[in-house]
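I have placed the structure first, in the form of structure tokens, so that the comments after it can refer back to it.
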Amino acid sequence: MVVYCVTGGTGFIAAYLVKTLLEKGHTVRTTVRDPEDVGKVGFLLEFNGAKERLKIMKADLRIEGSFDGVLQGVDGVFHVASPVLVPYDDNIQAKLLIMLRSIPVFQLNFLNFPT
């Protein structure tokens, strides 16, 4: 039986990969920082085949060696995890709005594109 590892299992792309791999009958190991946090990982357990073929494992990109046991014996890895490094900021919404307003908006006239 083929076993895949999907890192960052609660992320949007990772969760979709976990769901798809389970639907195709594969065994999946997925990594999260806290597998005991049912509020964050519970939805993964609702996927078809999760009870039989999904293992949610603890790993953290910031901790060297935390993936060693997880990756041992897998046939393939989908590495889609990304560390979440957001500094605490009381005024994050205002800063995001300033940043978004500074991005130039280009208006494309599709009628002028060659066909």
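The values are calculated or read from the model by the stated rules, or taken from the named source; none is laboratory data. Predicted, not measured: the structure shown is a model, and the values here were computed from it. Don't worry about glycine lacking a Cβ; one is built from the backbone with ideal geometry, like all the others, and counts go over all protein chains shown.
Among the residues of the stretch 49-61 satisfying the criterion of being part of a loop (DSSP other than H, G, I, E, B) and touching a helix residue (DSSP H, G or I) at 6+ places or on another chain (Cβ under 6 Å), which is farthest from residue 7 (Cα to Cα)? Filtering first and then ranking leaves 49.
From the list 96, 100, the lone residue that is part of a helix (DSSP H, G or I), modelled with pLDDT under 95, under 21 Å from residue 11 (Cβ atoms) and more than 18 Å from the chain's Cα centre (by Cα) is 96.
Condition check ((1) modelled with pLDDT of 95 or more; (2) under 17 Å from residue 73 (Cβ atoms); (3) crowded, with 18+ Cβ neighbours inside 10 Å) across all residues:
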| position | (1), (2), (3) |
| --- | --- |
| 1 | no, yes, no |
| 5 | yes, yes, yes |
| 11 | no, no, yes |
| 60 | no, no, no |
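Taking the stretch 26-47 as the search range and keeping residues that are touching a helix residue (DSSP H, G or I) at 6+ places or on another chain (Cβ under 8 Å) and not β-branched (Val, Ile, Thr), which one is surrounded by the fewest Cβ atoms within 10 Å (Cβ to Cβ)? Going through the qualifying residues, I end up with 45.
On inspection, residue 64 does not qualify as more than 16 Å from the chain's Cα centre (by Cα), acidic (Asp, Glu) and not in a loop (DSSP other than H, G, I, E, B). Once the stretch 67-84 is narrowed to residues that are outside any loop (DSSP other than H, G, I, E, B) and β-branched (Val, Ile, Thr), the residue that is nearest to residue 1 (Cα to Cα) is 77. Restricting attention to the stretch 6-34, the residues that are in contact (Cβ under 8 Å) with a residue 12 or more places away in the chain and over 18 Å from residue 62 (Cβ atoms) add up to 14.
Within the stretch 52-85, the set of residues being under 14 Å from residue 8 (Cα atoms), free of Cβ contacts under 8 Å to residues at least 60 places away in the same chain and polar (S, T, N, Q) comprises 66 only.
Please enumerate the residues belonging to the stretch 35-48 that are among the aromatic types (Phe, Trp, Tyr) and either free of Cβ contacts under 8 Å to residues at least 12 places away in the same chain or in a strand (DSSP E or B) (or both). Hits for the stretch 35-48: nothing passes. Residues in the stretch 1-30 that are assigned to a strand (DSSP E or B) and out of contact with any Leu (no Cβ under 9 Å at 6 or more places or on another chain): 3 alone.
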